[in-house]
Each structure stands twice: as C-alpha cells, then as structure tokens.
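These notes concern the structure reproduced below.
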Amino acid sequence: MGKAIAGVIVGYITMFAVVFVGLSGAYFAMGDSGAYAAGTFEVSMAWIAVASVVGLVAAFLGAMVCHKISGAKKPVLVLAGLVFVLGIMMAIPTIGVEPPTEARTPDTPMMEAMMNSWRPAWTAFLDPILSLVGIGAFLAWRKPD
C-alpha cells in the first residue's frame, strides 16, 4: 500500500516537474511574441499546441514513474483519476473569464506576463483529457500487470 501511495504522489510530482520545465523551456524558446497573441496576454495557438504536447509527455512520464515505484497498474489508474478530477476542478473557474484588457508590451517582464496570461476555457478542459490520453498511452505501451 505504501508503494502504491508513493507511486501516485511521485508520479504527480513528476508530471508537475515536466510541465514546469517543459513550459519554461518553451517560453524561453518561443519568446513572448511566440507565446502570446500580438499586444495581448492571450496565449497563442502555437503556445496551446506546445503546452498540449508537454502535457501529454508529462502524463506519460508521470505514469511511468508511478508504475516503476508501485510495480502495479492500479496506482497508475488512481493517478489518472486524480489528475482528471483535479484538472476538471481547476478548469471550472475558467468558464466565463474574460481576457485582460490591458495591452502587453514587448518589455513586459516574464513573471508579469505569466500572471496576466489568459487562455480560452476549452484549453483548461483539454488538459485533463490529454492527461488521460498520456497515461492511457503508457498503459497501452507498457501493458503493466
């Protein structure tokens, strides 16, 4: 039981770390002009695409770590359920939120841009679905248990 719980926790932490590092790297590679629509804090479609791929990879690796630690399929399924429920809970508050009206200038500091970032609500609901796809891809590839 302890290994199963540890697997889920470390798998979730792995997902967080991969997303953090992946999106940080993507921001530095794309720059603010690639990450945002011109003059706004609305993320670009290119950013949405990159974030989706990073999320898929994070879910796959999180599931892999979870399985490696727990040695079983059930904790990976628990991780999938946890990620999906938390993802939906975090997506619900994005419904009806309008983008910031102030303009983003080229010299806007990265942290300020991140704090004011806006993305369409549908992308927040896409994240937990992509996490399930990434975890499912691991299960199909690994066929644990």
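Some points to look at:
- Loop-located chymotrypsin sites (Phe, Trp or Tyr not before Pro) in segment 98-145 whose Cβ has at most 11 other Cβ within 10 Å (DSSP): none
- Per principal axis, descending, Cα span of the chain in whole Å: 52, 30, 24
- Distance between the 7 Å Cα→Cβ label points at Ser52 and Ala140: 1.6 nm.
- Label point at Lys74 placed 7 Å out along Cα→Cβ; residues across segment 8-26 whose backbone nitrogen lies under 16 Å: 8-9
- Summarising the amide proton neighbourhood of Trp118: residues at separation of 5 or more, or on other chains, whose placed amide H is nearer than 5 Å comprise Glu42, Val43.
- When only alpha carbons are used to place a centre, segment 66-117 and segment 30-59 end up 13 Å from one another.
- For Met1 and Thr94, the FRET efficiency from 1/(1 + (r/R0)^6), where r spans their Cβ atoms and R0 equals 41 Å, is about 0.70.
- Helix 74-91 axis versus longest C-alpha principal axis of the chain: approximately 20°, rounded to the nearest ten.
Any read-out appearing in this document is the output of simple, stated calculations on the displayed coordinates, not a laboratory observation. Small disclaimer: the values here were computed from a predicted structure and weren't measured. Using ideal geometry, Cβ is built from the backbone for each residue, glycine included, and neighbour counts are taken over all protein chains shown.
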